[in-house]
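Student: Here's a structure for you.
The values are calculated or read from the model by the stated rules, or taken from the named source; none is laboratory data. Please read these numbers as outputs of a predicted model, since none were measured by experiment. Don't worry about glycine lacking a Cβ; one is built from the backbone with ideal geometry, like all the others, and counts go over all protein chains shown.
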Amino acid sequence: MLRSFRIGSLFGIPIKLDITFLLVLPLFAYLIGSQISDVSDILNTTLGAGIDIGYITSGVNPWLFGLAAALGLFVGVVLHELGHSLTARRYGFPIDSITLWLFGGVASFTEMPEDWRQEFAISIAGPIVSVLVGVGSFVLFTVTPVGFDGARFVLSYLAILNIALAAFNMLPAFPMDGGRVLRAFLARSRPYAQATQQAASIGKFLAVLMGLFGLLQFNIILIGIAFFVYIAASSEAQQVTMKAAFQDVTVADIMTPAGNLHTVSPETSVAELVQRMFSERHTGYPVIDTSGFDNGRLVGLVTLSDAREIKPVERDAYTVEEIMTTDLQTISADSDAMTAIERMREHNIGRLLVVERQSPTQTQTQPLGTDGSTEPATELREPQEGDDLVGLISRSDVMTAFDIVQKSGAVGLSQTQRAD
Ligand SMILES: [Zn+2]
């Protein structure tokens with residue numbers, strides 16, 4: 001859904017622009033330009049900016065300085081996100097990218113810390129950077145001689161905008177920075193999932209207030225941010241709840257075991273495959289080679305979307321072998337259920353093949369993750385000889401299991417266990 005392109009990288013972190021950003025940049029330039037006279041007036045009285053209003057409002061100057069201030073603001077946003085990202089990286093969390101979009105910036109982490117101290121440090125780092133950028137802009141403003149009205153306008157305005165940005169982000173509206181700080185404090189004395197739910201409830205309440213305030217003020221940006229905060233708070237709370245629910249659940253617990261799996265052979269025709277999908281109401285089949293020496297070897301996975309690539313009239317002429325996916329995403333049976341969910345989401349796929357390593361000693365010789373985690377590094381490799389297919393895990397398996405765990409009250413159980 002996010003259409004973005006890369007514009008460069010800083011400290012090895014790709015910086016991307018979302019297409020919505022291209023709408024908001026001219027909008028900000030326009031908004032700043034159209035209020036340049038009022039804003040300059042305020043800057044003159046509060047900071048003694050000494051801006052010549054006649055000069056700054058003449059010709060294209062409002063739009064030129066409006067654009068410069070808008071660009072400067074987004075540079076400040078990138079630095080803010082870098083503050084979060086570099087702090088997170090220091091704790092060993094990998095950073096995917098920083099993306100500028102409609103509501104500013106987002107730093108994408110592949111995982112979030114659950115240690116409240118780390119979360120606190122990562123969350124507060126962005127606003128601290130914004131304050132520093134504001135102070136830096138103010139220092140530059142004071143050394144810019146009177147007479148350079150454009151530069152004095154942009155720098156003094158950026159000083160105020162960056163401080164305001166830090167203050168706004170510190171609103172305790174989870175998942176904004178202030179809300180994450182709040183969760184970090186709550187998590188000191190409660191289980192992480194409970195802290196998240198409480199922070200998310202406060203976040204949603206503040207989002208509603210923000211939305212109402214935005215409506216009264218006819219402030220579309222504020223209404224948009226309110227919507228975003230509300231939705232993001234709900235989805236992150238749900239994800240954390242799921243993680244807590246699946247705390248002691250492994251892939252083996254919720255997968256469809258190999259014995260119950262419907263499989264196909266590579267030489268099955270696509271027409272026959274589609275017929276089977278229809279009658280068995282399955283949309284994905286592991287492909288098992290039952291010929292030759294490798295009796296029962298897993299060679300691929302074939303799904304409905306693979307079959308759809310072939311026109312109905314040609315389906316008799318093609319076999320499963322020709323359309324199946326051989327680049328298989330596998331997961332070991334003893335992995336956490338949550339790892340399976342994250343991997344499906346990450347690769348945007350509906351199912352993972354569950355394999356059992358035949359020689360467990362091999363696992364120990366594999367290099368560990370860069371952060372020194374003890375997660376088996378074997379999870380990300382290609383299937384090899386000696387891997388036994390023990391099952392299949394799909395999104396619907398996961399959702400059904402989540403439903404059961406929640407309704408049976410196991411979530412509450414695991415929370416009390418953690419609290420002890
Ligand atoms: Zn932030």
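Student: Can you spot a residue in the range 107-129 that is under 24 Å from Ala69 (Cβ atoms), of a type in the set (A, V, I, L, M, F, W, C) and modelled with pLDDT under 95?
Tutor: Looking for residues that are under 24 Å from Ala69 (Cβ atoms), of a type in the set (A, V, I, L, M, F, W, C) and modelled with pLDDT under 95, one finds at least one in the range 107-129, hence yes.
Student: Continuing with the same structure: Is it the case that the range 28-40 has a residue that's at positive phi and in contact with an Asp or Glu (Cβ under 9 Å, 6 or more places away or on another chain)? Before you say what the answer is, go through the steps one by one.
Tutor: Initially, the range 28-40 is screened for residues at positive phi, giving none.
Among the residues of the range 28-40, not one is at positive phi and in contact with an Asp or Glu (Cβ under 9 Å, 6 or more places away or on another chain), which makes the answer no.
Student: Exactly one of (1) within 22 Å of the chain's Cα centre (by Cα); (2) away from the ligand (no atom under 16 Å from the Cβ); (3) under 24 Å from Leu71 (Cβ atoms) is unmet by Ala187. Its number?
Tutor: Result: Ala187 passes all but (3).
Student: Still on this structure: Among (1) over 23 Å from Asn260 (Cβ atoms); (2) β-branched (Val, Ile, Thr); (3) in contact with a Pro (Cβ under 7 Å, 6 or more places away or on another chain), where does Ile310 come up short?
Tutor: (3)
Student: Shifting gears a bit: Filtering the range 109-130 down to residues that are more than 13 Å from the ligand (Cβ to nearest atom) and polar (S, T, N, Q), which residue is nearest to the chain's Cα centre (by Cα)?
Tutor: Within the range 109-130, the match that is nearest to the chain's Cα centre (by Cα) is Thr110.
Student: Which one of the conditions (1) within 16 Å of the ligand (Cβ to nearest atom); (2) in a helix (DSSP H, G or I) does Pro175 fail to meet, given that it meets all the rest?
Tutor: Here Pro175 meets the rest and fails (2).
Student: Quick one: in the range 55-91, which of the residues that are more than 18 Å from the chain's Cα centre (by Cα) and within 13 Å of the ligand (Cβ to nearest atom) is nearest to Val135 (Cα to Cα)?
Tutor: Filtering the range 55-91 for residues that are more than 18 Å from the chain's Cα centre (by Cα) and within 13 Å of the ligand (Cβ to nearest atom), the one nearest to Val135 (Cα to Cα) comes out as Gly76.
Student: Oh, and also: Here is a list of conditions, (1) within 34 Å of the chain's Cα centre (by Cα); (2) modelled with pLDDT of 85 or more, and Gln275 meets all of them except one; can you say which number that is?
Tutor: Checking Gln275 against (1) within 34 Å of the chain's Cα centre (by Cα); (2) modelled with pLDDT of 85 or more, the one that fails is (1).
Student: From Val135, Val139, Val143, which residue is in contact (Cβ under 8 Å) with a residue 24 or more places away in the chain and either surrounded by fewer than 17 Cβ atoms within 10 Å (Cβ to Cβ) or of a type in the set (A, V, I, L, M) (or both)?
Tutor: On the way: Val139 fails: in contact (Cβ under 8 Å) with a residue 24 or more places away in the chain; Val143 fails: in contact (Cβ under 8 Å) with a residue 24 or more places away in the chain.
Checking each option against the conditions leaves just Val135.
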